[in-house]
Ligand code: PAF
């Protein structure tokens, strides 16, 4: 595996790979890798000739009060994991190269970015869309892989790729969970032992909601209330949002019909966790 720090070098490598007719698969990450990321790499290896993974904690997608500074970083550990999965190139750009002093451009995807995490983390999806655009222009992937845990992010990126005619296919893979159901996330590393136990309530609430829908409940309000009641039993939990949206356009639903996404963001102590389930 080759570590690449320079944007110009990564672009040279990608252009040469494309010229040689190689299919480039790309797994963009912010590092502190877990099984969720590695499952994207494994799928990428099946589909593509070359795997590029990026590790970049993108300052643009964090609000001023958010966890940019304390976001977990461990390049040595990540490089070992990526190497084991036979990633071909690990691209680790530097802040000063990604956003130099004369940087001026922001990518904004309207509509789908406005609700849920977009409403509660102003600027977040502009930061994501901007960095992903930059990474696509540097890595020149044929296919890029994202996790369904960040369902709204995946929808924002799909919309951006469609709207801007980007020549990249977006592949969204299922959420990877711990044995007790907690969705894998780099932020789980912040949880202490009792918060880690409390965090199981997110998946329990989603499963309870799915059972209610399967039994015939069609009121989104009643289902959300039921989830709220369950989550509020956990002292460390503070609900940021629980919503039921159309799985395609992320518009909120009053009545359950067609494919819906149950989505939530909950603080467990000082740790903000998100999870979702398509039903
Ligand atoms: O999902 C992430 O890890 C990040 O939001 C991404 C897509 C790498 C952009 O910084």
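Quick look at the numbers
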| quantity | calculated |
| --- | --- |
| Flag for residue 40 being buried (at least 21 other Cβ atoms within 10 Å of the Cβ), closer than 17 Å to residue 91 by Cβ, within 13 Å of the ligand (Cβ to nearest atom) and under 12 Å from the mean Cα position of the chain (by Cα) | yes |
| Number of the condition not met by residue 160 [criteria: (1) away from the ligand (no atom under 12 Å from the Cβ); (2) over 21 Å from residue 262 (Cα atoms)] | (1) |
| Check on residue 112, under 28 Å from residue 35 (Cα atoms), surrounded by 13 or more Cβ atoms within 10 Å (Cβ to Cβ) and at pLDDT below 95 | yes |
| When residues of region 137-157 are limited to those that are part of a helix (DSSP H, G or I), more than 8 Å from the ligand (Cβ to nearest atom) and in contact with a strand residue (DSSP E or B) (Cβ under 7 Å, 6 or more places away or on another chain), the one farthest from residue 109 (Cα to Cα) | 139 |
| Qualifying positions in region 87-120 - within 11 Å of the ligand (Cβ to nearest atom) and within 18 Å of the chain's Cα centre (by Cα) | 117 |
| Number of the condition not met by residue 126 [criteria: (1) away from the ligand (no atom under 11 Å from the Cβ); (2) closer than 21 Å to residue 25 by Cα; (3) surrounded by 17 or more Cβ atoms within 10 Å (Cβ to Cβ)] | (2) |
| Residue that is surrounded by the fewest Cβ atoms within 10 Å (Cβ to Cβ), among those in region 200-220 that are touching a helix residue (DSSP H, G or I) at 6+ places or on another chain (Cβ under 8 Å) and within 15 Å of residue 149 (Cα to Cα) | 206 |
| Residue count, region 85-102 (criterion: over 17 Å from residue 62 (Cα atoms) and part of a loop (DSSP other than H, G, I, E, B)) | 9 |
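The values are calculated or read from the model by the stated rules, or taken from the named source; none is laboratory data. On a predicted model such as this, the values are computed, not experimentally measured, just so you know. Please note: Cβ atoms are built from the backbone with ideal geometry, for glycine as well, and neighbour counts cover all protein chains shown.
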